Amino acid sequence: MKLGPVPWPPAPIKTERLVLRESEARDRAAVIELYASPEVGTYIGGSQPREQLEQAVPEIPGRRPGFFVVELDGTMIGMITLDRRDPDRLGRVLPEGGEAELGYLFLPESWGFGYAAEASAAALAWFAKTLPGEPVVLTTQTANEGSLRVAAKLGFTEVERFEQYGAEQWFGVWTSTTR
């Protein structure tokens with residue numbers, strides 16, 4: 001399967017409660033908060049020092065293809081990413097690798113309301129219309145029960161488990177043709 005470029009930026013995507021959009025300068029503080037949060041960092045290698053983030057995060061964070069800000073009532077509560085997976089990483093469903101990989105991070109105060117599943121489902125629907133039939137993969141630590149619940153809600157199916165970054169990883173796949 002030839003993997004094509006993902007057209008970007010899409011128009012904002014609206015769900016019942018959320019808006020997925022391109023990053024703006026007003027999102028910088030929330031992006032820093034995400035990466036500085038010890039709760040958010042639990043399954044992604046730890047939080048980062050706020051001082052370092054203040055220096056490193058650009059004025060408009062995440063302004064790139066595949067990066068969606070998730071907004072609730074005009075405020076950023078999280079982000080969704082759809083990035084091409086490095087073919088050298090463990091886990092793949094295509095022989096040549098390079099699949100789109102779904103990622104999501106949300107501020108702890110927005111956990112438990114279904115926002116990650118709602119936003120991810122909207123991003124996957126957009127992706128399926130843009131690149132029909134192309135698989136999307138997801139990797140999360142098996143210890144991250146919340147992320148595993150989101151993956152199940154979205155219809156990801158387990159492909160394999162492997163050890164990486166000092167923890168067992170769950171690797172799954174989603175395709176629009178199985179939805």
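Contact map, segment 153-168: first residue modelled with pLDDT under 90, second residue in a strand (DSSP E or B), Cβ cut-off under 7 Å, separation 6 or more or different chains; pairs are Ala167/Gln141. The set of residues from segment 45-62 being at pLDDT below 90 and surrounded by fewer than 16 Cβ atoms within 10 Å (Cβ to Cβ) comprises Gly45, Gly46. Could you tell me whether segment 106-121 includes any residue that is in a strand (DSSP E or B) and at pLDDT 95 or above? Looking for residues that are in a strand (DSSP E or B) and at pLDDT 95 or above, one finds at least one in segment 106-121, hence yes. Would you call Gly103 small (Gly, Ala, Ser), farther than 22 Å from Gly46 by Cβ and without any contact (Cβ under 8 Å) to a residue 60 or more places away in the chain? Considered against the rule, which asks whether it is small (Gly, Ala, Ser), farther than 22 Å from Gly46 by Cβ and without any contact (Cβ under 8 Å) to a residue 60 or more places away in the chain, Gly103 comes out as no. Would you pick out the residues in segment 101-154 that are farther than 21 Å from Glu71 by Cα and β-branched (Val, Ile, Thr)? Selection gives Thr130, Val136, Val137, Thr139, Thr140, Thr142.
Scanning segment 123-161 for residues that are among the small types (Gly, Ala, Ser) and part of a helix (DSSP H, G or I) turns up Ala123, Ala125, Ala128, Gly146, Ser147, Ala151, Ala152.
Taking segment 164-173 as the range and being under 19 Å from Pro87 (Cβ atoms), not in a loop (DSSP other than H, G, I, E, B) and not β-branched (Val, Ile, Thr) as the test, the residues that pass are Gln164, Gln169, Phe171, Gly172.
From the list Thr175, Thr142, the lone residue that is touching a helix residue (DSSP H, G or I) at 6+ places or on another chain (Cβ under 9 Å) and surrounded by fewer than 17 Cβ atoms within 10 Å (Cβ to Cβ) is Thr142. Restricting attention to segment 20-34 and to residues that are free of Cβ contacts under 8 Å to residues at least 60 places away in the same chain and acidic (Asp, Glu), the residue that is surrounded by the most Cβ atoms within 10 Å (Cβ to Cβ) turns out to be Asp27. Tell me yes or no: at least one residue of segment 80-96 is modelled with pLDDT under 95, touching a Lys or Arg at 6+ places or on another chain (Cβ under 6 Å) and either among the basic types (Lys, Arg) or buried (at least 16 other Cβ atoms within 10 Å of the Cβ) (or both). Looking for residues that are modelled with pLDDT under 95, touching a Lys or Arg at 6+ places or on another chain (Cβ under 6 Å) and either among the basic types (Lys, Arg) or buried (at least 16 other Cβ atoms within 10 Å of the Cβ) (or both), one finds none in segment 80-96, hence no.
The values are calculated or read from the model by the stated rules, or taken from the named source; none is laboratory data. Model, not experiment: these values are computed from the prediction. Positions of Cβ are backbone-derived with ideal geometry, glycine not excepted, and every protein chain shown enters the neighbour counts.
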